[in-house]
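The values are calculated or read from the model by the stated rules, or taken from the named source; none is laboratory data. Given the structure is predicted, the values throughout are model-derived calculations rather than measurements. As a convention, Cβ positions derive from the backbone with ideal geometry for all residues, glycine included, and neighbour counts pool all protein chains shown. Note: areas computed on protein heavy atoms with side chains; ligands, DNA, RNA excluded. Shrake-Rupley method; radii C 1.70, N 1.55, O 1.52, S 1.80 Å.
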Amino acid sequence: MVPVNESFPIAALDGVNEDDRVAAIARLQELFSTEELSLDRFSELLENVFTARGYADLEAAMSSLPPLVRLTPTPRRLAAPLILRAADGDLELGSGWQLAADTTISTGFGAARVDLTAASWDSCQINLRLETWGSIEVLVPEGVAVQMVGESGHVQLESLSAPATGGPLLRIFTSGPTGMIRIRHPKERSKGLFTRWKPRRTGGDSSARR
């Protein structure tokens, strides 16, 4: 298992990693600046962050903050794994799609762009399995902890932000075919890379199913 956001997890440490304390303070300041926290609440949480003696204390202080991702209402969450396939076509998952706690995306020789910032998450901990002979681009929300599991295929990792304390965890599994997988934040638009990865083909259609 290869952690991409290297400061996650740190529960094994006796004290608080200072990088995580700084990240927690930055998040509180951002929420206060956007008026999502009142002055009283900001001051209370800031004191809790400063006085946290261990990671559990720091996580408890941050647990009441608004989530970094949009969570699916409990009655609508999927009980079974979600499997999406585009055998020889293209797949683009944008606004409004639902990300199951266990999700597999397979593109065959096609191409896919998966926008996790636009999805509703069924869980704060997601297992995402990627399989492709073509290409898959994954857009990850800032502050989400990312862990890579497996090293099959060509994986291009952009620089990711430090994970938010107590925030969501995304485990990305790669196995099987040896296509191209790119993982990045959506801050900078892809300059035609998604199109350039598409393999040449004479025909075929796409399908997506659970």
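Brief remarks on what is shown
- Selection within region 132-155: residues that are surrounded by fewer than 19 Cβ atoms within 10 Å (Cβ to Cβ) and among the charged types (D, E, K, R). The member of this set that is modelled with the lowest pLDDT is Glu151.
- Residue count, region 25-45 (criterion: in a helix (DSSP H, G or I) and either out of contact with any Leu (no Cβ under 6 Å at 6 or more places or on another chain) or over 20 Å from Ala162 (Cα atoms) (or both)): 13
- For region 47-65, the candidate set comprises residues that are modelled with pLDDT under 85 and polar (S, T, N, Q); within that set, the residue that is nearest to Leu169 (Cα to Cα) is Ser63.
- When residues of region 156-174 are limited to those that are among the aliphatic types (A, V, I, L, M) and modelled with pLDDT under 90, the one least open to solvent (accessible area, probe 1.4 Å): Ala164
- Residues of region 3-38 classified as at pLDDT below 80 and among the hydroxyl-bearing types (Ser, Thr, Tyr), total: 1
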